[in-house]
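Nothing in this text is a laboratory measurement; each read-out follows from the coordinates by a stated rule. Since this is a predicted model, take the numbers as computed values, not measurements. Don't worry about glycine lacking a Cβ; one is built from the backbone with ideal geometry, like all the others, and counts go over all protein chains shown.
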Amino acid sequence: MRKYFAEFLGTLVLVTFGCGIAVVSGGNLVATALAFGLAIVAMAYVIGNISGCHVNPAVSLAMLITKRMGIKDFIFYVIAQFLGAIAGAGLLFLILSNTGFAVGGAIPLGTNGFDLASATSINMGGAFITEVVLTCVFVYTILGVTADEKKGSVAGIVIGLTLTFVHLLGINLTGTSVNPARSFGPALISGGEALAQSWLFLVAPLVGAAIAALIYIILNKKEETKE
């Protein structure tokens, strides 16, 4: 149970602080990217030794495909991650409802989107491709850096920095998901168009993660075998 609660807590922190800073900074590119990256760094060094700090169903899927976790753990990790994201979005809503952000309509929660919900009006196809590519790069990095125990002390930093740089590209396109739970929690609380579009941010990251896992199996597994 400890590892499942750790995943719940880690995802809650990621959503609360990542999406929260996105809102209060007015969508500032650097601030938002750093917020998500630093949240992962912080959680990696706190819960990494408990659950591995996936805090992302896409990461857990890649771990399942590469046989680093079993189906039971995968299912409970994903449940914990989604519950954590919903709780984080709910907490953020509670905080922001007591501020000026509550004036004049819905409270922004850092949701993802495409078409008119995107800062650059990226279309659905472009958004799907973006999320697949960004997630693939992010997850492939995680698979690589966590495969070597010698890199354990720096893995959290590398993963956090990678999440930061994929956000730098994706924020003005889709808001950057690369994490189905992170997208679903705020979308569920926000409702409306954000929830209607959330399917893309559930599916595309999982596709990107599966591709990353296959690339890792083809390239890195062969290298490990040679060694």
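Here are some conditions: (1) closer than 24 Å to residue 118 by Cα; (2) crowded, with 22+ Cβ neighbours inside 10 Å; (3) of a type outside the set (A, V, I, L, M). Residue 25 meets all but one. Which one does it not meet?
(2)
Yes or no, residue by residue, for (1) of a type in the set (Ser, Thr, Tyr); (2) under 19 Å from residue 106 (Cβ atoms):
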site: 176; (1), (2): yes, no
site: 186; (1), (2): no, yes
site: 190; (1), (2): yes, yes
site: 202; (1), (2): no, no
site: 207; (1), (2): no, no
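Take the residues in region 166-178 that are in a loop (DSSP other than H, G, I, E, B) and small (Gly, Ala, Ser); name whichever of them is surrounded by the most Cβ atoms within 10 Å (Cβ to Cβ). Lay out the reasoning, then the answer.
Within region 166-178, the first condition is being in a loop (DSSP other than H, G, I, E, B), and the residues that meet it are 171-178.
If we keep only those that are small (Gly, Ala, Ser) too, we end up with 175, 177.
Details: 175: 27, 177: 29.
Selected residue: 177.
Can you pull out the residues in region 142-164 that are over 19 Å from residue 182 (Cα atoms) and either touching a His at 6+ places or on another chain (Cβ under 7 Å) or buried (at least 20 other Cβ atoms within 10 Å of the Cβ) (or both)? Walk me through it before giving the result.
Filtering region 142-164 down to residues over 19 Å from residue 182 (Cα atoms) leaves 143-155, 157-158.
Selection gives 143, 146, 155.
For the structure I just gave you, tell me whether residue 163 is under 14 Å from the mean Cα position of the chain (by Cα) and part of a helix (DSSP H, G or I). Give the derivation first.
Details: under 14 Å from the mean Cα position of the chain (by Cα): yes; part of a helix (DSSP H, G or I): yes.
Considered against the rule, which asks whether it is under 14 Å from the mean Cα position of the chain (by Cα) and part of a helix (DSSP H, G or I), residue 163 comes out as yes.
Just the residues that are of a type outside the set (S, T, N, Q) and in contact with a helix residue (DSSP H, G or I) (Cβ under 6 Å, 6 or more places away or on another chain), please, taken from region 49-58.
Let us first name the residues in region 49-58 that are of a type outside the set (S, T, N, Q), namely 50, 52-55, 57-58.
50, 53, 54, 55, 57, 58 - these are the residues of region 49-58 that are of a type outside the set (S, T, N, Q) and in contact with a helix residue (DSSP H, G or I) (Cβ under 6 Å, 6 or more places away or on another chain).
Kindly indicate whether any position in region 2-25 is without any contact (Cβ under 8 Å) to a residue 24 or more places away in the chain and under 28 Å from residue 123 (Cβ atoms).
Taking every residue of region 2-25 in turn, at least one turns out to be without any contact (Cβ under 8 Å) to a residue 24 or more places away in the chain and under 28 Å from residue 123 (Cβ atoms).
Given the options 76, 36, name the one that is out of contact with any strand residue (DSSP E or B) (no Cβ under 9 Å at 6 or more places or on another chain), surrounded by fewer than 19 Cβ atoms within 10 Å (Cβ to Cβ) and of a type in the set (A, V, I, L, M, F, W, C). Quick ask: steps written out before the conclusion?
Numbers: 36 fails: surrounded by fewer than 19 Cβ atoms within 10 Å (Cβ to Cβ).
Being out of contact with any strand residue (DSSP E or B) (no Cβ under 9 Å at 6 or more places or on another chain), surrounded by fewer than 19 Cβ atoms within 10 Å (Cβ to Cβ) and of a type in the set (A, V, I, L, M, F, W, C) holds for just one of 76, 36, which is 76.
Condition first: surrounded by fewer than 19 Cβ atoms within 10 Å (Cβ to Cβ) and polar (S, T, N, Q). Now tell me which residues in region 114-136 satisfy that. First the steps, then the outcome.
First, pick out the residues of region 114-136 that are surrounded by fewer than 19 Cβ atoms within 10 Å (Cβ to Cβ): 115-117, 119-121, 123-126, 129, 133.
Result: 120, 121, 123.
Given the residues 46, 13, which is the only one that is surrounded by fewer than 24 Cβ atoms within 10 Å (Cβ to Cβ), within 13 Å of the chain's Cα centre (by Cα) and outside any loop (DSSP other than H, G, I, E, B)?
That would be 13, the only listed residue that is surrounded by fewer than 24 Cβ atoms within 10 Å (Cβ to Cβ), within 13 Å of the chain's Cα centre (by Cα) and outside any loop (DSSP other than H, G, I, E, B).
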